[in-house]
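Participant: Structure below; questions to follow.
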Amino acid sequence: MEFLVGHYNYWVVVFLMMLGFYVVISRTHMVKVLVGLSVFQTSVFIFYISLGKIRGGTAPILIDGPAVYSNPLTSVLILTAIVVSIATTALGLALVVRINEAYGTVDEEEIDAIERADEAAVLEAR
Amino acid sequence: MTAHLPVLQVVIPLMAAAVCAALRPARVAWAFAVLVSWTVFVIAVLLLREVLAGGTISYEIGGWAAPWGIEYRIDVVNAFVLLIVSTVGAVVLPYAGDSVEREIRRDQIPLFYTAFLLCLTGLLGITITGDVFNVFVFLEISSLSTYTLVAMGRERGALTAAFRYLVMGSVGATFIVIGIGLLYSVTGTLNMVDLGLRLSELTATRTVPVAFAFLTVGISLKLALFPLHLWLPNAYAYAPSAATAFIAATATKVAVYMLLRFFFTVFGATFSFDTMQLGFVLLPLALVAIFSMSLVAIFQVNVKRMLAYSSLAQIGYITLGISIGTVTGLTAGILHLFNHAMMKAALFMALGCVIYRVGSIRIEAFHGLGKRMPLTMAAFVVAGLSLVGVPLTVGFISKWYLILAVLEQGWWPVAALVLFTSLMALVYIWRVVEAAYFHPSPTDEVAAAVREAPLSLLIPTWILVVVNVYFGVDATLTVEVAGRAAEALLGVPR
Amino acid sequence: MTEFVDVALLALLAVTGLALLKLRNLFAVVILSGIYSLLSAGLFVTMDAPDVAFTESAVGLGVSTVLMLGALALVGHEEKKPTRPRVLPLAVVILTGAILLYGMADVPPFGDPNNPIHQHVTPRYLEEMPEEIEVPNVVSAVLASYRSYDTMGETTVIFAAGVGVLLLLAGRRRRGQDEEEPGE
Amino acid sequence: MSPVTAVVLAIVVPLVGAVAIGLMGEERANLRETATLVSAAIVFGLVLTLTPQIAGGARPELVLGEPLPGLPIAFEVEPLGLIFSLVASSLWIVTSIYSIGYMRGHHEENQTRFYIFFAIAISAVMGVAFAGNLFTLFVFYEVLTLSTFPLVTHHGTEAAKRGGRVYLGLLLATSIFLFLPAVIWTWYVAGTLDFVPGGILDGVLSPAAATILLGLFVFGIGKAAVMPVHRWLPAAMVAPTPVSALLHAVAVVKAGVFAILKISVYIFGTTFLQDVGASQIFAYVAGATILLASLVAFTKDNLKARLAYSTIGQLSYIVLGAMLANSYGIVGGAMHIVMHAFGKITLFFGAGAILVAAHRTQVSQLDGIGRMMPVTMAAFLIGALSITGLPPTGGTWSKWYLALGTLEAGEPILLAVLMLSSLLNIGYLLVIPARAFFAPADPELLAHPVREAPMPILIAMVITASVSIGLFFFPDPLFDLVRMVVES
């Protein structure tokens, strides 16, 4: 019981991560894939921050007098990671917009079909 | 000044990237990027010399002592990889000048070079750092700029290739972050050496093997190790010529380096090979990659994609060397990092010359090029022979060590497979040679106008061709460095 | 109390995630992902990471949602029913999740002050920070000092993404105006 | 000049010659051909200066570089290599003279490229001949394969492409797949690849392993054309005739059998081979190749194809000599390198002369042609006699020693093979000049009489035919050199 409770955060975090991961690898709409990626990454952030928490601690902002501070380093790392995540999303969305212009769709299956048709046409022309 | 070389190695291209974005016209941005790449190359040479003479360099960024601050730690292994990356950069950027003007719209060129320099920065940053989270940050710098470079290809396929690469790359990076988090949770540190120390003291925990698995899978995605390779062929095939030459020769090499660093420095050879039985996992994957990718390469009609599949097979060779886990095996793997970088960059640059003049790299586009572009095709042939592993080229040296390492284990069938796949390489290189030398050129006016590529493209290509031959005739330097790197990783005293 | 909020927020996150997986109207999906960010920001607050919570809500809820909605406006917002079989992705995810659960079991228990990460490296930040740097917020202080190099890298990541977006989208605007090909 | 300098120059001069040829180009054809001849003469002169010193016991050594730690590119001249280099360099001169007549008479394209790669191939041959260790030999062996490839595919036609594909594919495949592992294995067990009299493998390999390793060498050295790795040789017949002469008499095939001889003597050591009996099975493989190749030769009406199969059989004589692993066998094999070289090149020159002068390629078209081309056919006769092993030609001696070798090894079956093969040789080779002189001329030939080929071609043929005869009367210098190999 102690074990289950003591790891509650981690169990849920694994579920959340896998949820995001599943969206990434199973969906075909590119925006949805990016949403999945962002869910996946956000869940990893939760994992890190969970690691840093100390029961009964406070945020690592120094105050006078005795206090237990939660881990500042995980926050530092995740601040960086959040920014990286949004940068990836932004670039991904820019690509999606361009892909939509080039193919008229952002569905991976439809794009696959178009590319196969292109390739077949080239081979035909030989 | 020399004391700060480690940080300059990364900060110079980083700052230069920002400057480059503001430079106009395109030629100025290019000249500036070339200058930067040469500076970076010189620094890498100086660092390697220093490491070879004086041993490992530790540099504390901002003066904050490790493991509290971020440490740059350079031993023979990453000094060698730094040299590989910067050499390729220093040769490909001069080449890029004319090639990029043909393939990228003029007003976008300064930003293209910015992305190029950022990619260089990221790769160097991953290689040089001694902090696992810093690896992730620089990994993302290199990845995001690589996605951009790939997306700049002329065909629309470049966009989807870049998107798929972005998704797979981000999944890989996230796996790496999970792995780092797990390691951090049980050790409390991010410094590689500190991690190695603390992990070795740790009693059995299930977290470490899982962290190991996540890091391995995450890096293998970046490495395009079979079966995680699906993003690579299109990314290489659609990227602009100069970008392909650079990325193909460096990105996967740096990923291999990450793998080595985690396996040997962080987890330790004993854990990686005895506890995790890494050899048993990597070996079959490497063998399947070598064989199946060589086979697929034979049937490609797009020569660039053919070489991309060939790269996947070559990654298999490198992983094979690593999976053996002996000094000879690692030497073979590390040696092939350098050798493969040189031959693949040369090959892709030769293809870039063909694109420059002919505009296509389908196999039919090569008809008659043996006569029309003799120097380009000669470069392709020599680098191709190196890929096959013909004596007096670097490819032969790699193969020699790889087979020696395999034979030390008594793995005859593996040696046979390595040799057999060399012949498969001969077949796919041969298809191009046959198209270039035995098919008459098409008779239309467009084909008649095809001339030899300009010297600005030929000279850098031939520099690499000469490197392929030079280090094939006298490999003492590369073998020595690779051997020392292998020993450093395995902790064998010299 | 905190424990209760923690459990509740995590449960809500799981529900949001599932809804987001199921829905095929992508506007709704994007809104849900914003909610997901908001919930996780709440969680960060309960776990003593206000800086992260602030950034997550600004970036995850704000910037990201705006960008996604903008993109959706351009590319259409209805997800097709996929024809691809999902057995392989599901198998991959279950396997990965199982491995991860296995590893999580030995992650030091949640909130225990004796965990290695609270014993090594960070104590120095907390103890010596007042002397070394005079900023009460240890997170900002570490960001700006010990790990300032990561912060510089992070800025560079943004720059790299910016360069990429500019190259991709600036090219789009011009291409509409003239079909000039490069290098002619 | 010190012997070491001569060794280096013998390898470098052809390369310099290649550059000079390239600089002259198609526009200055006379100067270009002069460059070829001058280089050839210099190389032959250099090898000649080495001869008395090697015969006197000197073994000049030299290390050029070290591609792999412990594996230098090194040269050491010993009698076997000297013999090979003498053959190659002297025949380069003759082939060059012949080529001038042939290429011009046949109006070939890309003559400059032809001469360039020819010179590079000769350089590689010198490297093979003087190789001081197995690694060096392997490297130059591969260079030879690659540099002769453009020669084989000289015409660039569909047929040339097909032939070239087989040529390169088979030679590279065998060398990468069998020869290279054999080299690495040797290095792995012996720790060295140096050529040492008496061999380096004694005591480090079990009999079974030695047999497998020897097999890797015998079949891996595809240039020796032991069946079933002989297919490249007929395929290479698409090349211009001087190339066939180079491939079949001088450079490529001889590099193969030379390597096998060298490996038996200096890597395995004849004593070791005899002790473990590793080579017996390959002696039989060689014997089988001799007979099969002769039988196939019978069926070929195309003159060059028939000569090609003849070559396959003759090469296996040398392989057989090496595999007998006794002194008679080695002497016979080494001498046959020389005898076959001069005999076979004469035959190819003859084939080329007929092609240039009469535009005929089939054996059945040659009835009566001897009366119109008497010099050509006389030379052809002498070449055929030497290949068959009949007096007054040099081939007599080498076959004699090979026969002695089979007796010493106690292999009467192989002796019978040699005898039978000689009979077959008469049947498919000697019959050609016989019919050319005595059979009634075919009507078409009478309608369009032909004359002798151009003078350079005739000169070349007369020289090689004379040498074949000379070797019958004066075999001693050669014999003395060869004996040093087995006595060392």
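The values are calculated or read from the model by the stated rules, or taken from the named source; none is laboratory data. The model shown is predicted, which means the values in this text are computed figures rather than measured ones. Because the Cβ atoms are built from the backbone with ideal geometry, glycine has one as well, and the counts that use them run over all protein chains shown. With ligands, DNA and RNA removed, areas are computed over all heavy atoms of the protein, side chains included. Shrake-Rupley method; radii C 1.70, N 1.55, O 1.52, S 1.80 Å.
Participant: Using a simple spin-label model with points 7 Å from Cα along the Cα→Cβ vector, what separation in nm is obtained for C:Glu132 and B:Leu295?
Facilitator: If labels sit at C:Glu132 and B:Leu295, their model points lie 5.6 nm apart.
Participant: Further, regarding this structure: Compare the Cα positions of D:Gly164, B:Met343, D:Val13 along the charge dipole of the protein assembly as shown (+1 at Cβ of Lys, Arg; -1 at Cβ of Asp, Glu; about the Cα centre) and return the one farthest towards the positive end.
Facilitator: D:Gly164
Participant: Further question on the same structure: How far apart, in nm, are two points set 7 Å out from the Cα along the Cα-to-Cβ line at D:Ile281 and at A:Ala117?
Facilitator: Each label point lies 7 Å from its Cα, and together they span 6.1 nm.
Participant: Considering Cα pairs under 8 angstrom that are at least six residues apart, work out the relative contact order of the stretch D:1-261 and quote it in whole percent.
Facilitator: Relative contact order, the stretch D:1-261: 20 percent.
Participant: Taking chain A as the reference, fit the longest principal axis to its C-alpha atoms, fit the long axis of helix A:72-103 to the helix C-alpha atoms, and give the angle between the two in degrees, 0 to 90, nearest 10.
Facilitator: 10 degrees
Participant: Answer with one residue from B:Ala475, B:Phe271, B:Ala485: the one whose Cα lies farthest towards the positive end of the charge dipole of chain B, charges on Cβ with Lys, Arg +1 and Asp, Glu -1.
Facilitator: B:Ala475
Participant: Looking at the stretch C:23-112, which trypsin sites (Lys or Arg not before Pro) are in a loop (DSSP not H, G, I, E or B) and have at most 14 other Cβ atoms within 10 Å?
Facilitator: Answer in residue order: C:Lys80, C:Arg86.
Participant: Please compute, for peptide D:157-166, the average count of beta-carbon atoms on other protein chains lying within 10 Å of each residue's beta-carbon.
Facilitator: Going residue by residue through D:157-166 and averaging, the value is 2.
Participant: In percent, what relative contact order does chain B have, based on Cα pairs under 8 Å that are 6 or more apart in sequence?
Facilitator: This gives 15 percent for chain B.
Participant: Averaged across C:69-75, how many Cβ atoms of other chains sit within 10 Å of each residue's Cβ atom?
Facilitator: Other-chain Cβ atoms within 10 Å of each residue's Cβ, averaged: 6.
Participant: Under a Cβ-only charge scheme (Lys and Arg +1, Asp and Glu -1), can you give me the dipole magnitude of the stretch A:2-125 about the Cα centre, in debye to the nearest 20?
Facilitator: 860 debye
Participant: Something else: For the protein assembly as shown, what is the accessible area per residue in Å² when the probe is 1.4 Å?
Facilitator: Spelled out: the 1.4 Å probe surface of the protein assembly as shown, per residue, equals 32 Å².
Participant: Mind scanning B:Lys304/D:Lys223; D:Lys300/D:Lys344; C:Lys22/C:Lys80; A:Lys32/C:Lys81; B:Lys399/D:Lys254 and naming the pairs with a C-alpha gap bigger than 24 Å?
Facilitator: Over 24 Å Cα-Cα: B:Lys304/D:Lys223; B:Lys399/D:Lys254.
Participant: In the protein assembly as shown, if the dipole is taken from +1 on Lys/Arg beta carbons and -1 on Asp/Glu beta carbons about the Cα centre, which of D:Pro477, B:Phe116, B:Leu457 is farthest to the positive end?
Facilitator: Looking along the dipole axis, the top candidate is D:Pro477.
Participant: Out of the DSSP beta bridges found with both residues in the protein assembly as shown, what percent are antiparallel (nearest 5)?
Facilitator: Rounded to the nearest five, the antiparallel share is 90 percent.
Participant: State to the nearest 20 debye the size of the charge dipole of chain D about its Cα centre, where the only charges are +1 on K and R beta carbons and -1 on D and E beta carbons.
Facilitator: 920 debye
Participant: Mind checking the mean number of beta-carbon atoms from other chains within 10 Å of the Cβ atoms in A:97-110?
Facilitator: 6
Participant: Between D:Arg162 and D:Leu23, what is the FRET efficiency for a Förster distance of 35 Å, r being their Cβ-Cβ separation, to the nearest 0.05?
Facilitator: Result of the calculation: an efficiency of 0.60.
Participant: Pairing the Cα long axis of helix D:180-190 with the longest principal axis of chain D, what angle in degrees results, from 0 to 90 and rounded to the nearest 10?
Facilitator: Roughly 30 degrees between the two axes.
Participant: To test your reading of the geometry: what angle, between 0 and 90 degrees and rounded to tens, separates the Cα axis of helix D:134-152 from the longest principal axis of chain D?
Facilitator: Orientation of helix D:134-152: about 20 degrees from the principal axis.
Participant: Okay, next question. Suppose each label sits 7 Å from its Cα in the direction of the beta carbon; what would the D:Phe473-D:Asn30 distance come out to in nanometres?
Facilitator: So the label points at D:Phe473 and D:Asn30 sit 3.7 nm apart.
Participant: With only Lys, Arg, Asp and Glu charged, each at its Cβ (+1 for the first two, -1 for the last two), find how big the charge dipole of the protein assembly as shown is about the Cα centre; round to the nearest 20 debye.
Facilitator: 2900 debye
Participant: Return the calculated 222 nm mean residue ellipticity for chain B, to the nearest 500 deg cm²/dmol, obtained by summing -39500 (n - 2.57) across DSSP H runs with n ≥ 4 and dividing by the residue count.
Facilitator: Calculated at 222 nm, the ellipticity per residue is -26000 deg cm²/dmol.
Participant: Let me ask you something else. May I ask you to derive the relative contact order of chain C, considering only C-alpha pairs under 8 Å and at least 6 residues apart, and to give it as an integer percent?
Facilitator: Taking the mean separation of contacting Cα pairs over the length of chain C, I get 13 percent.
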